[in-house]
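Engineer: Handing you this structure, nothing more for now.
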Amino acid sequence: MKVLVLGNGGREHALVWKLRQSSRISKLYCAPGNGGIAEEAECLPVDLKNLDSLVALGQQMRPDLTVVGPELPLTLGVVDEFTRRGWPAFGPTKAAAQLESSKSFAKELLQRHRIPTAPYAICDSVEEVRAALAHFHAPVVVKADGLAAGKGVVIATSKEEAASVAAEMFSGKMVGEAGTRVVLEECLKGDELSFLVLSDGERVAPLVAAQDHKRAGDGDTGPNTGGMGAYSTQSIIDDKMRDWLVHHIARPAVAGMKAEGAEFKGVLYCGLMMTARGPMVLEFNCRFGDPETQPILMRLESDLVDALEASIAGRVSEGDFKWSADASVCVVMASGGYPGTFEVGKKITGLSQAGAVEGVKVFHAGTSKLDGEFYTAGGRVLGVSARAPELQTAVARAYEACEKIRFDGAHYRKDIAGRALKK
Ligand code: AMP
Ligand code: GLY
C-alpha cells in the first residue's frame, strides 16, 4: 500500500522510520518532510497551513493511508476532506480536533464529564479576568484559548501579573487570534506525564507513557519550548495507574466526544499533572506528541499500520500494540537561541558516528540536505534517541551520540530522564 505522512518534524521522522518496518507498505511518502526524512521516504512539497494545497497533494497521490503528524492540518479539517474523497486518513476530524484547538472547549468537556482537571474560568475580556481572579490564589496559570505553538501558557506569580498577561493576550500582540479568549487555571504541582491512547471513536488502546521536558534549561529552568527531550520506561507508571487513567480520563473523554456528536478518532494525547490529589488533565492534544513519539515508537514492536487502520475502521482493541520492556530516551539538540530567535543553515557533522552508537537512532526535526551535507533548518534540529534494557544505559547511549554531533550554536539539556534515574 501507498502511505503518506504529513509533517516535517522529529515526530514525523519517527513515524516514517516505524512505518517503513511494516511489510504492508510498498511506497512511503512524507510531505513536506525534512533532510533526514528524505533518506527514508520520498518527500513531496506541501503547505501544511493550506487545506487546498493538502487536498491537491491527495488528489495527485491517492494514498491508501494518510497519517497526519501536526495539529494544524487536523484543525483545518484535512481528515474530513481526505475521508470525504475516499482517501483513508488517520486522525480526528476538525470538530474533534477542537479538543486541542480550543482550551475552553476542552475544559468544558472535562467538567461536563467529571474528568479531573484544575479549577478554571473562561474569560472574554480584561474585566472578566479581573472579576474571576477573586476566586484564585497566586500563582495563576493564564492560557490563550487557541493554538499558540507552546507560547500560549504563562504561569503568573501574582494576580496583577495574571491580569496584565491576559490583557496582552487579548490585545493580539502576544499570540494573535489565539488570545481572543483566555482561560485562567489553578496552578497544579507534581510530575507531568504524557499519556497517549489510540481511539476509534469509542474504544481506546493505551500507548506506553512518556515524560516530556518542556523547559529549555537543565533542572526545568528557562522558558517553555516544544519539548527538549522525553523518555519512556516500563516503570514510568504501573498497570494499576494505566488502567485508572484509561477508566477515569481517556475513555470518558472519548465517550463524551461521541455523546456530543464529535467522535474522536486518532491519538488522544492526555497531558497530565500527577498531583497529590491524583492525576489531573492539563491539556489534550489531538495527535502524537513531539518529542514523546520518538521514545514511544522506539519501544513499539508491533505493526503501526495495523494499529492506525484499526482506529480508522473502528476496531481498536487493547491488544493492538506490543511493547518492548526496554527503556528509551530522546535528547533534543536545538539551534542556538531556541526557543527565541535563532539562525539556520549551520552545517551538521558527526551524524553517521552518532548513528553508529549501539541502540541509537538520530531523528531529524529541523534539517535540510544539500550536496550530501546536512544543515540546520529549524529550532529543534535533531532528536537523538536510544533504546536499551536499562534507562541508565539508554540515556548514556543517547548522550554519547550527542557528543559526536556538532553544529554552530548547538545546545541540549544534560538532564533528560534525570529525575527518573535518581529515583
Ligand atoms: P498546556 O499547553 O496547557 O499543556 O500548557 C503547557 C505547559 O504549561 C504544561 O505542560 C505545564 O508545564 C504548564 N501548565 C499548564 N497548565 C498548568 C497548570 N494548571 N498548573 C501548572 N502548570 C501548568
Ligand atoms: N511534547 C508536547 C507536545 O507534543 O505538545
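The values are calculated or read from the model by the stated rules, or taken from the named source; none is laboratory data. The structure displayed is predicted, hence computed values, not measured ones. Heads up, the Cβs are rebuilt from the backbone with ideal geometry, glycines too, and the neighbour counts pull from every protein chain shown. The protein model used for the area step is the full one, side chains on, heavy atoms only, and it has no ligands, DNA or RNA in it. Shrake-Rupley method; radii C 1.70, N 1.55, O 1.52, S 1.80 Å.
Engineer: Taking one equal scatterer on every alpha-carbon of region 91-247, how large is log10 of I(q)/I(0) by Debye at q = 0.10, 0.14, 0.17, 0.20 1/Å?
Structural biologist: The computed values of log10 I(q)/I(0) come out as -0.42, -0.83, -1.18, -1.43.
Engineer: Moving on to the next point. P(r) tail for region 60-122, what percent of Cα pairs lie past 21 Å?
Structural biologist: Numbers: 708 of 1953 pairs.
That tail contains 36 percent of the Cα-Cα pairs.
Engineer: With every protein chain left in place, what is the accessible area of Val175 in Å² (1.4 Å probe, nearest 10)?
Structural biologist: 30 Å²
Engineer: Give me the three principal axis extents of region 316-389 from the C-alpha atoms, as integers in angstrom, largest value leading.
Structural biologist: Projected onto its principal axes, the Cα set of region 316-389 covers 44, 28, 20 Å.
Engineer: Taking the Cα centre of region 322-423 as origin, sum charge times position over the Cβ atoms of Lys and Arg (+1) and Asp and Glu (-1), and report the length of that vector in debye to the nearest 20. Mind showing how you got there, number by number?
Structural biologist: Values: 15 positive and 10 negative charges, 69 e Å.
Here the size comes out at about 340 debye.
Engineer: Enter the Cα centre distance for the pair region 84-117 and region 257-295, rounded to the nearest angstrom.
Structural biologist: 10 Å
Engineer: For region 124-203, give the magnitude of the charge dipole about the Cα centre (Cβ charges: +1 Lys/Arg, -1 Asp/Glu; no others), in debye to the nearest 20.
Structural biologist: On the way: 8 positive and 14 negative charges, 35 e Å.
Result for region 124-203 is approximately 160 debye, rounded to the nearest 20.
Engineer: Hey, what D do you get for region 19-168 in µm²/s if you plug the Kirkwood alpha-carbon radius into Stokes-Einstein at 10 °C and 1.306 mPa s? Mind dumping the intermediate values first?
Structural biologist: Details: Rh = 18.3 Å.
Reported coefficient: 87 µm²/s.
Engineer: Less than 18 Å apart at the alpha-carbon level, and either on another chain or at least 8 residues along: which aspartates and glutamates does that give for Lys173?
Structural biologist: Cα-Cα hits under 18 Å: Asp124, Asp145, Glu161.
Engineer: Within the accessible area of the chain, what % is carbon and sulfur when the probe is 1.4 Å and the other protein chains stay in place? Can you show the working numbers first?
Structural biologist: Values: 8420 of 17220 Å².
The value for the chain is 49 percent carbon and sulfur by accessible area.
Engineer: Could I ask something else about it? On a 31 Å Cα-Cα criterion, which of the cross-link pairs Lys347/Lys414; Lys49/Lys423; Lys18/Lys214; Lys2/Lys404 come out too long? It would help to have the intermediate numbers written out before the result.
Structural biologist: Values: Lys347/Lys414 22 Å; Lys49/Lys423 43 Å; Lys18/Lys214 24 Å; Lys2/Lys404 36 Å.
Those over the limit are Lys49/Lys423; Lys2/Lys404.
Engineer: On the full set of protein chains, 1.4 Å probe, figure out the accessible area of Glu283 and give it in Å² to the nearest 10.
Structural biologist: 40 Å²
Engineer: Let me ask you something else. Could you state the accessible area per residue of region 162-235 in Å², with a 1.4 Å probe and every protein chain left in place? Don't skip to the answer; put the middle values down first.
Structural biologist: Numbers: 2700 Å² over 74 residues.
Spelled out: the 1.4 Å probe surface of region 162-235, per residue, equals 36 Å².
Engineer: Relative contact order (percent) for region 274-398, with alpha-carbon contacts under 8 angstrom and 6 or more residues of separation? Write down the numbers at each step before the final one.
Structural biologist: On the way: 190 pairs, mean separation 34.6, N = 125.
Once divided by the residue count of region 274-398, the mean separation gives 28 percent.
Engineer: Take every Cα pair under 8 Å in region 116-180 that's 6+ residues apart, average their separations, divide by the length, and report that relative contact order as a whole percent. List each step's numbers first, then the result.
Structural biologist: Details: 83 pairs, mean separation 20.3, N = 65.
Contact order relative to length: 31 percent.
Engineer: Could you tell me which GluC sites (Glu not before Pro) in region 331-423 are loop residues by DSSP with no more than 12 other beta carbons within 10 angstrom of their beta carbon? All intermediate terms of the calculation are to be shown ahead of the outcome.
Structural biologist: Numbers: sites: Glu343, Glu358, Glu373, Glu390, Glu400, Glu403; in loops: Glu343, Glu358, Glu390.
Counting only loop positions with at most 12 other Cβ atoms within 10 Å, the GluC sites (Glu not before Pro) in region 331-423 are Glu343, Glu358, Glu390.
Engineer: Once each part is reduced to its C-alpha centroid, what is the distance from region 12-83 to region 187-241 in angstrom?
Structural biologist: Distance between centres, Cα-based: 25 Å.
Engineer: Which one, Val246, Met333, Ala356, projects farthest toward the positive side of the charge dipole computed for the chain from Cβ point charges (K/R +1, D/E -1)?
Structural biologist: Selected residue: Ala356.
Engineer: Just the accessible area per residue of region 272-379, please: how many Å² with a 1.4 Å probe?
Structural biologist: Values: 3960 Å² over 108 residues.
Heavy-atom SASA per residue in region 272-379 reads 37 Å².
Engineer: Would you calculate, for the chain, the mean residue ellipticity at 222 nm contributed by helices, counting each DSSP H stretch of 4 or more residues as -39,500 (n - 2.57) and dividing by all residues, to the nearest 500?
Structural biologist: Estimated from H runs of four or more residues: -8000 deg cm²/dmol.
Engineer: I'd like the distance separating the alpha-carbon centroids of region 367-423 and region 329-357, in whole Å.
Structural biologist: 7 Å
Engineer: Quick one: Debye curve from the alpha-carbon atoms of region 280-408 only, equal weights, vacuum; give me log10 I(q)/I(0) at q = 0.09 Å⁻¹ to two decimals.
Structural biologist: -0.33
Engineer: Related question: Principal axis extents for region 277-355, Cα atoms only, whole Å, descending order, please.
Structural biologist: Extents along the principal axes, in whole Å: 46, 37, 28.
Engineer: Assuming a viscosity of 1.567 mPa s and a temperature of 4 °C, what translational diffusion coefficient in µm² per second does Stokes-Einstein assign to the chain, Rh being the Kirkwood radius over Cα pairs? Don't skip to the end; give the middle numbers.
Structural biologist: Numbers: Rh = 21.7 Å.
Translational D for this selection: 60 µm²/s.
Engineer: Could you give the size of the charge dipole of the chain about its Cα centre, using +1 on the Cβ of each K and R and -1 on the Cβ of each D and E, expressed in debye and rounded to the nearest 20?
Structural biologist: 280 debye
Engineer: Hey, any idea what the orientation-averaged projected area of the convex hull of region 167-224's Cα atoms comes to, in nm²?
Structural biologist: Working: hull surface 27.2 nm².
So the Cα hull casts an average projection of 6.8 nm².
Engineer: Moving to a separate point now. Using the Cα gyration tensor of region 227-266, with a ≥ b ≥ c the square roots of its eigenvalues, what is the shape: rounded (a/c below 1.5), prolate (a/b larger than b/c) or oblate (neither)? Mind showing how you got there, number by number?
Structural biologist: Details: a/c = 4.11, a/b = 1.70, b/c = 2.42.
Here region 227-266 falls in the oblate category.
Engineer: Rounded to the nearest whole Å³, what is the per residue volume of the convex hull around the Cα atoms of region 374-423? Mind showing how you got there, number by number?
Structural biologist: Details: hull volume 4.2 nm³, N = 50.
Dividing the Cα hull volume of region 374-423 by its residues yields 84 Å³.
Engineer: What is the Rg over Rh value, at two decimals, for region 205-301, using alpha-carbon atoms and the Kirkwood definition of Rh? If you can, show how the numbers build up before the last one.
Structural biologist: Working: Rg = 14.3 Å, Rh = 14.6 Å.
Radius of gyration over Kirkwood radius for region 205-301 works out to 0.97.
Engineer: Output the peptides 306-316, 25-35, 375-385 sorted from most to least packed, where packing is the average of other Cβ atoms within 10 Å over each peptide's residues. Provide the component values of the computation, followed by the final result.
Structural biologist: Details: 306-316: 17.6, 25-35: 20.5, 375-385: 26.1.
Listed from highest to lowest mean packing, they are 375-385, 25-35, 306-316.
Engineer: Quote the relative contact order of the chain in percent (integer), defining contacts as alpha-carbon pairs under 8 Å separated by 6+ residues. Walk me through the intermediate numbers first.
Structural biologist: On the way: 1027 pairs, mean separation 68.2, N = 423.
Contact order relative to length: 16 percent.
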